[in-house]
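Asker: Okay, here's the structure, questions in a sec.
Read-outs: derived from the displayed coordinates by stated rules, not from any lab. A quick note: this is a predicted structure, and the numbers were derived from the prediction, not measured. All Cβ positions, glycine included, derive from the backbone under ideal geometry; neighbour counts span all protein chains shown.
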Amino acid sequence: MAKTPSNMVSLGTIAPEFNLPDVTSDKIVSLNSLKGEKGTLIMFICNHCPYVKHVNNTIVELANKFQSEKVNFIAISSNDVENYPDDSPELMKINAFEYNFSFPYLYDESQKIAKEYDAACTPDFYLYSHDLKLVYRGQLDDSRPGNGIECDGKDLKNAIECLLLGTENMSTQKPSIGCNIKWKDN
């Protein structure tokens with residue numbers, strides 16, 4: 001499990017549009033149809049990564065808390081399923097139901113969307129304002145598998161709370177650390 005940091009995309013960047021299949025509903029959905037009234041969190045995750053497994057419950061807790069405040073959560077998996085079959089759409093659907101995802105889990109088969117977002121690792125988090133301008137990118141919190149720090153989502157939770165209050169997030173935005181996205185051989 002290689003430790004790969006997220007790319008720290010410039011704040012203010014506009015979220016790239018997409019049309020991707022949602023494995024939980026079996027429908028093609030767009031960013032425009034899924035964005036939240038007050039904010040949108042886009043997460044690049046997958047099924048097999050131990051870093052993602054470590055944070056899944058916290059992600060679900062945060063989604064359950066903030067979706068009622070009109071911040072929508074969207075998960076995207078962009079891994080190469082030919083070489084990493086644990087990340088197949090069929091298993092993504094099972095994973096979403098096992099963790100009780102209350103948000104769509106999208107499959108980026110071409111990996112085009114991960115490239116457009118400059119995603120590098122799983123998990124990788126991008127929080128956008130109501131008008132889809134990037135206000136936070138980076139880690140959920142300081143917890144990592146085996147480091148003994150409780151996974152509480154404090155960094156992302158703070159960023160969402162700042163967004164909802166309309167205040168500037170003065171906290172240092174640290175890169176997420178996780179498994180690299182499993183890119184296809186071109």
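Asker: Tell me the label-point distance for the pair T13, S171, using the 7 Å Cα-to-Cβ offset, in nm and rounded to one decimal.
Answerer: Computed distance between label sites T13 and S171 equals 2.1 nm.
Asker: Do the sum for the chain: with -39,500 (n - 2.57) for every DSSP H run of n ≥ 4, divided by all residues, what is the mean residue ellipticity at 222 nm, to the nearest 500 deg cm²/dmol?
Answerer: On the way: 5 runs with 49 residues, N = 186.
So the helix-based figure for the chain works out to -7500 deg cm²/dmol.
Asker: Moving on to the next point. Sticking with the crude label model, points 7 Å out along Cα→Cβ, report the distance from L164 to E90 in nm, one decimal please.
Answerer: 4.0 nm
Asker: Given that compact globular proteins tend to follow 2.2 N^0.38 Å, what is the ratio of the alpha-carbon Rg of the chain to that value?
Answerer: Numbers: Rg = 14.9 Å, N = 186, 2.2 N^0.38 = 16.0 Å.
Relative to the 2.2 N^0.38 Å estimate, the chain comes out at 0.93.
Asker: Within the stretch 97-115, list the residues whose amide N lies under 18 Å from a label point set 7 Å along Cα→Cβ of I28.
Answerer: 105-114
Asker: Taking the highest mean first, how do the peptides 94-105, 24-35, 153-164 order by number of other beta carbon atoms within 10 angstrom per residue? List each step's numbers first, then the result.
Answerer: Details: 94-105: 17.2, 24-35: 13.9, 153-164: 19.3.
Highest to lowest by the protection proxy: 153-164, 94-105, 24-35.
Asker: Then there is this: Please figure out what share of the DSSP beta bridges in the chain is antiparallel and state it in percent, rounded to the nearest 5. Let's see the in-between values first.
Answerer: Working: 20 of 29 bridges.
Within the chain, antiparallel bridges account for around 70 percent of the total.
Asker: In the chain, which Cys residues have no partner Cys with a Cβ closer than 4.7 Å?
Answerer: Isolated Cys, the chain: C46, C121, C151, C162.
Asker: Using a Gaussian network for the chain with springs between C-alpha atoms less than 10 Å apart, which of these wobbles most: I149, I42, I14?
Answerer: Its mean-square fluctuation being the largest, the pick is I149.
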